[in-house]
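The values are calculated or read from the model by the stated rules, or taken from the named source; none is laboratory data. Model, not experiment: these values are computed from the prediction. Cβ placement follows ideal geometry from the backbone for every residue including glycine, while neighbour counts extend to all protein chains displayed.
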């Protein structure tokens, strides 16, 4: 490119004293011209040393600016960053990730090459612990994530969503910002609005970023319960999904509950549960071998946790948001920004 566009790194944070320095260092190590990057962090009023660390880093690197995020959630924090941004391109980052030195350049070049409105890479998982190794194997399986394209490091082309994302600024002027009331699923919801408006989301194998998944069954179940609830909220808000993949765990949970609760189905229940166990067991052997034979039982146990937590979370989300559709409650929306950007 003859002229590199100005890029704004948009990064929400809360109590990230263990990770923030390494994350900022990975931004500073990008091979994109340093004078064409600004680094904005929306801090959710951290109670640890996050702000102190950022203040020290800003003394050394004036590109770093901290924006207050009293709501603490990622979506309103990202919205504040977009309003503060000077860049023509907004690159959304997460503190708990490791970025290839080519990450920003690959985002910018993919936007230019494809003409897409939002581009991103695959959600590549990386492990530190034995549990994380097993979880990485499970997340590589269609049985774990339903064959989501954004989980494949080899996938290339239009997609319904991507991990994180890099946006042309004008996208937010067209479709609005992240939903400020979204607790989870804010990226997929924004991408759905973008695609519904005629825009394009593009998945590129050249955009490389790694993240570390949860490190225990409890944390994993809590995460996927929230994911399910967020997916239900998106469905109720828009009336449809771009595909049926998010509904599969919910249907699985409903089917399992029906087999247990309805006496006419009791004769087939043992066969159904045995079939589920055999299918997930065979898949655990297939994908778990990469992490070692000892990981296979853990992979096998992870599958029902993923499915049940997401499915139950989806049901809980339907119940919650049918009673209180907070996306229509003006009292919960922040004041409209004094720019052309509108909050959705």
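Taken over region 156-169, the criterion of being under 13 Å from residue 82 (Cα atoms) and either in a loop (DSSP other than H, G, I, E, B) or within 18 Å of the chain's Cα centre (by Cα) (or both) is satisfied by 166, 167, 169.
Here residue 101 passes the criteria (1) surrounded by 18 or more Cβ atoms within 10 Å (Cβ to Cβ); (2) assigned to a loop (DSSP other than H, G, I, E, B) except the one numbered (1).
This table checks each residue for (1) at pLDDT 90 or above; (2) touching a helix residue (DSSP H, G or I) at 6+ places or on another chain (Cβ under 7 Å); (3) in a loop (DSSP other than H, G, I, E, B).
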site	(1), (2), (3)
127	yes, yes, yes
133	yes, yes, no
138	yes, yes, no
154	no, no, yes
171	yes, yes, no
177	yes, yes, yes
181	no, yes, yes
187	yes, no, no
191	yes, no, no
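Pairs linking a residue in region 240-265 that is touching a residue at least 60 places away in the same chain (Cβ under 8 Å) and at negative phi to a residue that is surrounded by 16 or more Cβ atoms within 10 Å (Cβ to Cβ) and not in a helix (DSSP H, G or I), with Cβ atoms under 7 Å and 6 or more positions apart or on different chains, are 242/160; 243/160; 245/146; 245/148; 248/146. For residue 233, the requirement of being under 16 Å from the mean Cα position of the chain (by Cα) and under 23 Å from residue 307 (Cα atoms) is met. Per the listing 20, 41, the residue uniquely under 15 Å from residue 8 (Cβ atoms) and either without any contact (Cβ under 8 Å) to a residue 24 or more places away in the chain or within 22 Å of the chain's Cα centre (by Cα) (or both) is 41. Annotation: of all residues in region 231-264 being within 30 Å of residue 133 (Cβ to Cβ) and in contact with a helix residue (DSSP H, G or I) (Cβ under 7 Å, 6 or more places away or on another chain), the one that is modelled with the lowest pLDDT is 246.
Screening residue 150 with (1) at pLDDT 95 or above; (2) outside any loop (DSSP other than H, G, I, E, B); (3) more than 23 Å from residue 69 (Cβ to Cβ); (4) touching a strand residue (DSSP E or B) at 6+ places or on another chain (Cβ under 6 Å) gives one miss only, at (1).
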